[in-house]
Amino acid sequence: MFTRGTLRNLRYLWSLAPGLVTIAGNALGGAWSWANLVFSLGLLAALEWFVAEDHHNESASTSFLPDLILILHAVFQVVALGALFDSIAGGRIAGIHLIGAALSTGVHSGSSSIVIAHELVHRKHLAWQALGKFLLFTAGNIYFFVEHLRVHHKWVGTPRDPATARFGENLYAFFLRSLSGQLSGAIRLENQRLRHEGKSTVHPDHYVWRNFTGLLLVSIVCWYFLGWPGLGAWALQILTANFLLEYTNYIEHYGLSRREDERVRETHSWQTDKVVSRFVLIDLSRHSDHHFHASKPYHTLQTYEKSPVLPGGYASAVLMALIPPIWFKIVNPRLEQYLQQIHAT
């Protein structure tokens with residue numbers, strides 16, 4: 001008889017489904033190239049409105065399966081990109097389907113690769129962190145490792161954190177502000193670190209410039225072997241992945257603030273226990289607990305009664321966030337009511 005904690009670990013296997021869909025779509029080519037875009041932002045988003053929530057907090061004592069799932073995600077990411085490039089080279093993906101393949105792969109990079117990287121860079125073991133950095137690189141992200149650990153977790157909910165969305169700020173304005181703020185912040189922090197170590201700010205140890213150079217080299221290789229279609233697909237999947245990352249930042253902290261001298265608590269992040277978000281995104285949706293206890297492995301994160309709850313899951317909230325008037329109409333009253341309740345206690 002499986003315990004509830006064991007069943008919880010088994011359900012994280014659902015998170016591998018988008019990867020399988022992406023790999024199959026890229027390998028088959030043609031109209032199948034759109035498969036993961038439809039699956040992740042269509043089918044899963046619709047399903048999320050009808051599937052019940054799961055508020056259970058029990059976790060299993062073993063981490064073998066949760067760790068194995070992280071490794072499988074990394075493998076799937078490499079295979080998905082390989083299938084994309086191979087099908088472009090073989091002519092199975094061309095024309096309008098290049099856009100579908102790039103979007104589908106970018107959605108996978110944003111909802112799998114970056115999500116898994118987020119879990120890995122919080123771990124203490126250097127091997128896990130290295131895998132997390134690699135996954136960020138495959139999604140074209142050169143700032144998250146620096147900014148997330150050294151700024152976001154320290155200053156979340158304050159004006160010093162560019163990854164915290166302000167009340168009344170729409171997703172598109174936030175995307176530009178957060179992206180530019182985190183990129184410039186990561187460069188500045190790495191410059192400071194290297195100067196402190198007596199090194200030049202263009203030293204190969206500079207995380208941002210090293211990864212930027214790597215991305216530039218990969219882009220040149222894509223162009224050389226696959227032409228402009230290959231380069232365009234690579235660039236579009238990067239843009240899609242990082243837009244999804246900033247969309248995630250947007251809904252996780254929208255309108256929530258704290259004083260700089262106030263400890264981060266479970267009230268400073270939105271959470272949702274929607275089953276699709278919980279198990280397809282390896283409990284990223286229990287974001288309140290993640291910020292309250294940043295070192296917790298994903299399969300042990302808990303839900304809190306005092307945390308603000310999103311009106312939908314991460315997949316189903318995409319459409320709301322993409323249309324700012326709808327987002328503001330639904331979320332702003334919920335946020336104002338929540339803040340009144342918190343301040344009254």
* To do: For the range 213-345, with all protein chains present and a 1.4 Å probe, just round the carbon and sulfur fraction of the accessible area to a whole percent.
  => 65
* Asked: Taking θ as phi - 60°, what are the ³J(HN,Hα) couplings along the range 126-141 by the Karplus curve (6.51, -1.76, 1.60), each to the nearest whole Hz, with x for Gly and Pro?
  -> 5, 5, 4, 4, 4, 5, x, 5, 4, 5, 4, 4, 5, 9, x, 9
* To do: Rounded to whole Hz and in sequence order, give me ³J(HN,Hα) for the range 23-31 from the Karplus expression 6.51 cos²θ - 1.76 cosθ + 1.60, θ = phi - 60°, writing x for Gly and Pro.
  => 4, 4, x, 5, 5, 6, x, x, 5
* **Per residue, the convex hull volume that the Cα atoms of the range 116-174 enclose (Å³)** => 93
* Structure fact -> Rounded to a whole number, the Stokes-Einstein D of the chain in µm²/s (Kirkwood radius over Cα pairs; 4 °C; 1.567 mPa s) is 63
* **Estimated 222 nm signal from helices in the chain, with DSSP H stretches of n ≥ 4 weighted -39500 (n - 2.57), rounded to 500** => -19000 deg cm²/dmol
* To do: Could you let me know the centre-to-centre spacing of the range 38-75 and the range 193-218, using Cα atoms, in angstrom?
  => 35
* Asked: Under the Karplus relation 6.51 cos²θ - 1.76 cosθ + 1.60, θ = phi - 60°, what is the ordered set of whole-Hz ³J(HN,Hα) values for the range 236-246, x standing for Gly and Pro?
  -> 5, 5, 5, 4, 5, 4, 7, 5, 5, 4, 6
* Pairs of Lys in the chain closer than 26 Å at Cα, counting only those 8 or more apart or on different chains -> 15
* Structure fact -> At R0 = 45 Å the Cβ-Cβ FRET efficiency linking SER184 and VAL38, nearest 0.05, sits at 0.80
* To do: Would you mind working out the accessible area per residue for the chain, using a 1.4 Å probe, and quoting it in Å²?
  => 44
* To do: Scan the chain and hand back the longest stretch that contains none of the GluC sites (Glu not before Pro) lying in DSSP loops with at most 13 other Cβ atoms within 10 Å.
  => 59-196
* Amide H contacts of VAL309 (H built 1.01 Å from N, under 5 Å, at least 5 apart or other chain) -> GLN271
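The values are calculated or read from the model by the stated rules, or taken from the named source; none is laboratory data. Note that the structure is predicted; figures quoted are calculated from it, not measured. Please note: Cβ atoms are built from the backbone with ideal geometry, for glycine as well, and neighbour counts cover all protein chains shown. For the accessible areas, the whole protein counts, side chains as well, though only heavy atoms, and no ligand, DNA or RNA atoms are used. Shrake-Rupley method; radii C 1.70, N 1.55, O 1.52, S 1.80 Å.
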